[in-house]
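Asker: Pasting in a structure now, in structure tokens, and then I'll have a few things to ask.
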Amino acid sequence: MNNKINRSLIIVGSGPAGYTAAIYAARANLKPLVLAGPQPGGQLTTTTEVENFPGFVEGIKGPELMARMQKQSERFGAEVKFEVATKADLTGDVKKIWVGETKYQAKAIIITTGAGSRTLELPREKDLWSRGVHTCATCDGFFYKDKIVAVIGGGDSAMEESTFLSGLAKKVYIIYRKDKFPASEIMKKRTLENDKIEVLWNSEVIEYLGEEKLTGVRIKNNQTNAEKNLEINALFFAIGHIPNTEIFRGQITLDDKAGYIKTHENVFTDIAGVFAAGDCVDFTYRQAITSAGFGCMAAMAAERWLQTQST
Ligand code: NDP
């Protein structure tokens, strides 16, 4: 077994929260180790244009933004390893993270492992990704100004995304598999009163249509079994997210619903020296800029906590 010890800080995950934490921690001379995870750069590396990250007037490609964050963190001394954390032991004064057989140890850990959007995983989903198939209306809705779009889901996210899209698109369908939304009353009311939004109840998407980009979906009414094609320019998933927190289960408190890490005072977990930031904590905002902000807070909190340990 290869033991690598005596680091001050390990950051697990490399999305905007992870790299922002790395930039701050590196500039505080903590020489953080970043374990980049299975998708280095996080969810933004699967998107095309990012137009809402401040400072990039003309927009920037998601992968480029993340590559820049990585370089910026390395410039100040962060060590980025393209490795996937497979096991964690957060008990005791020295926290341990394994990558296969290799054990990394540090006094403090920042967890920024992110979350993945739940999708339907129908055939050709990957080919149409960002070509009409999307997970974030706030991020990609703008590309469908005056077009016809659809949102799948019946929770608060579906209400919020469809309402947001109604400010841009010509028409918004909500495709929902039951006949009554489980969303909160106020968001449901706002959605149902919106003239631009039409709900297709008891409906399920069974096929994506279009070759180079999405041109529609085939939907099935699960009460009548009737099928029809629906012409749309974009489909947005709002069917939940899955936080990447499995390796920490049983050690830090996760919410019982979906497994998000519970924090207090923004970034503190219930274990001293273990901090968490970004989409593995936040199921409400889920934006690159909010994750980056929380990454900054986590690094500052970790730095202050480490100072109390050395005195
Ligand atoms: P939810 O888990 O609340 O809702 C997911 C929706 O997707 C459900 O309606 C579910 O259907 C549907 N769904 C799940 N899997 C599938 C599938 N395979 N095919 C079709 N439909 C599917 O997730 P949300 O993201 O909406 O919300 C997560 C949390 O975030 C909630 O606590 C919510 O309140 C909160 N939130 C708050 C906001 C705010 O306050 N501004 C905004 C957005 C979210 P079914 O109903 O049949 O299970």
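Asker: Would you mind finding the one in Asp140, Asp156, Asp127 that is surrounded by fewer than 17 Cβ atoms within 10 Å (Cβ to Cβ) and of a type in the set (Asp, Glu)? Can you show your working first?
Answerer: Details: Asp140 fails: surrounded by fewer than 17 Cβ atoms within 10 Å (Cβ to Cβ); Asp156 fails: surrounded by fewer than 17 Cβ atoms within 10 Å (Cβ to Cβ).
Every option except Asp127 fails the conditions.
Asker: I'm told Phe53 meets every condition in (1) of a type in the set (Phe, Trp, Tyr); (2) crowded, with 22+ Cβ neighbours inside 10 Å; (3) in contact with a strand residue (DSSP E or B) (Cβ under 7 Å, 6 or more places away or on another chain) except one. Can you identify the failing condition by its number?
Answerer: (2)
Asker: Within the range 15-59, can you find the residues that are aromatic (Phe, Trp, Tyr) and touching a Cys at 6+ places or on another chain (Cβ under 7 Å)?
Answerer: Taking the range 15-59 as the starting set, the residues that turn out to be aromatic (Phe, Trp, Tyr) are 19, 24, 53, 56.
The answer is Tyr24, and nothing else.
Asker: Does Lys228 satisfy being without any contact (Cβ under 8 Å) to a residue 60 or more places away in the chain, away from the ligand (no atom under 15 Å from the Cβ) and of a type in the set (Lys, Arg)?
Answerer: Working: without any contact (Cβ under 8 Å) to a residue 60 or more places away in the chain: yes; away from the ligand (no atom under 15 Å from the Cβ): yes; of a type in the set (Lys, Arg): yes.
It is true that Lys228 is without any contact (Cβ under 8 Å) to a residue 60 or more places away in the chain, away from the ligand (no atom under 15 Å from the Cβ) and of a type in the set (Lys, Arg).
Asker: If we scan the range 261-276, do we find a residue that is in the same structural domain as Ile109 (by TED's automatic domain parsing), buried (at least 17 other Cβ atoms within 10 Å of the Cβ) and assigned to a helix (DSSP H, G or I)?
Answerer: The answer is no, given that none of the residues of the range 261-276 is in the same structural domain as Ile109 (by TED's automatic domain parsing), buried (at least 17 other Cβ atoms within 10 Å of the Cβ) and assigned to a helix (DSSP H, G or I).
Asker: A follow-up question, please. Take the residues in the range 195-212 that are away from the ligand (no atom under 11 Å from the Cβ) and either β-branched (Val, Ile, Thr) or crowded, with 16+ Cβ neighbours inside 10 Å (or both); name whichever of them is nearest to Leu235 (Cα to Cα).
Answerer: Start the filter on the range 195-212 by keeping residues that are away from the ligand (no atom under 11 Å from the Cβ), which leaves 195-201, 207-212.
With the extra rule that they be either β-branched (Val, Ile, Thr) or crowded, with 16+ Cβ neighbours inside 10 Å (or both), the set shrinks to 197, 199-201, 208-210.
Values: Ile197: 14, Val199: 14, Leu200: 14, Trp201: 16, Tyr208: 9, Leu209: 11, Gly210: 12 Å.
Ranking the candidates gives Tyr208 first.
Asker: Now for a different question. Of the conditions (1) exposed (fewer than 13 other Cβ atoms within 10 Å of the Cβ); (2) within 15 Å of the ligand (Cβ to nearest atom); (3) among the basic types (Lys, Arg); (4) modelled with pLDDT of 95 or more, Arg304 fails just one. Which one is it?
Answerer: In the conditions (1) exposed (fewer than 13 other Cβ atoms within 10 Å of the Cβ); (2) within 15 Å of the ligand (Cβ to nearest atom); (3) among the basic types (Lys, Arg); (4) modelled with pLDDT of 95 or more, Arg304 misses (2) alone.
Asker: Name the pairs: first residue in the range 177-206 and under 19 Å from Leu120 (Cα atoms), second residue β-branched (Val, Ile, Thr) and more than 14 Å from the ligand (Cβ to nearest atom), Cβ to Cβ under 9 Å, at least 6 apart or on different chains?
Answerer: Asn202/Thr224
Asker: Among (1) away from the ligand (no atom under 12 Å from the Cβ); (2) surrounded by 14 or more Cβ atoms within 10 Å (Cβ to Cβ); (3) more than 18 Å from Thr284 (Cβ to Cβ); (4) not β-branched (Val, Ile, Thr), where does Leu120 come up short?
Answerer: So Leu120 meets the others, but not (1).
Asker: Just to be sure, is Ala238 crowded, with 19+ Cβ neighbours inside 10 Å, within 16 Å of the ligand (Cβ to nearest atom) and over 30 Å from Gly100 (Cβ atoms)? Reasoning before the result, please.
Answerer: Values: crowded, with 19+ Cβ neighbours inside 10 Å: yes; within 16 Å of the ligand (Cβ to nearest atom): yes; over 30 Å from Gly100 (Cβ atoms): yes.
So Ala238 fits the description; yes.
Asker: Looking at Ser8, Ser73, which one is over 29 Å from Gly132 (Cβ atoms) and buried (at least 22 other Cβ atoms within 10 Å of the Cβ)? First the steps, then the outcome.
Answerer: Details: Ser8 fails: buried (at least 22 other Cβ atoms within 10 Å of the Cβ).
Only one candidate qualifies: Ser73.
Asker: Can you pull out every residue in the range 124-177 that is modelled with pLDDT under 95, farther than 24 Å from Glu227 by Cα, away from the ligand (no atom under 14 Å from the Cβ) and assigned to a loop (DSSP other than H, G, I, E, B)?
Answerer: Listed by number, the list holds a single entry, Ser130.
The values are calculated or read from the model by the stated rules, or taken from the named source; none is laboratory data. The shown structure was predicted, so the numbers you read here are calculated from the model rather than taken from an experiment. Cβ: placed from backbone, ideal geometry, glycine included. Neighbour counts: every protein chain shown.
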